[in-house]
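Inspection log for the structure reproduced underneath, given as structure tokens.
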Amino acid sequence: MDLQVRGLDDLEDRLGDAIDRIGELRAGTHVQSDAFFAPAFMRKHTEFDSFDAFCADSPWEVESAADLQDVPRARLNAYVADTTEFADWEAMKTRAAREEIVDQLLA
């Protein structure tokens, strides 16, 4: 039996947008940390209510995700492991990206 489904244009557009977003993230496109690490993400996966609180409580002068690039990776990974459900900074960023893209698709 052959089935033809109509009305998938919106889904196709959202998938295209998600693919574009994946490309941007892989390319290292600058993102707003408060949008990328949304409050819901932070509350669910960390002991903080926001990314700003995560930064403010850190032992470094950090105002944005970009400032975290200057923190020695081993120290940043230890802070992430101690205050979140992630083993390291890379795992936290990857999960945030996945959740952002999935949220975009489901919206």
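A short reminder: the numbers here are calculations on the coordinates, not readings from a lab. These numbers were taken from a predicted model, which means no experiment stands behind them. Cβ coordinates were reconstructed from backbone atoms using ideal geometry, including for glycine residues, and neighbour counts include every protein chain displayed.
Among residues belonging to the range 56-70 that are of a type in the set (A, V, I, L, M) and free of Cβ contacts under 8 Å to residues at least 12 places away in the same chain, point out the one that is nearest to Trp89 (Cα to Cα). Walk me through how you get there before you give the answer.
Here is the first cut: in the range 56-70, the residues of a type in the set (A, V, I, L, M) are 56, 62, 65-66, 68.
Within this subset, residues satisfying the condition of being free of Cβ contacts under 8 Å to residues at least 12 places away in the same chain are 56, 62.
Working: Ala56: 16, Val62: 14 Å.
Per the criteria, the residue is Val62.
Just checking, how many residues over the range 63-107 are under 30 Å from Leu15 (Cβ atoms), assigned to a helix (DSSP H, G or I) and among the charged types (D, E, K, R)?
Adding up the residues that qualify gives 7.
Scan the range 35-55 for residues that are without any contact (Cβ under 8 Å) to a residue 60 or more places away in the chain and not in a helix (DSSP H, G or I) and jot them down.
Phe37, Thr46, Glu47, Phe48, Asp49, Ser50
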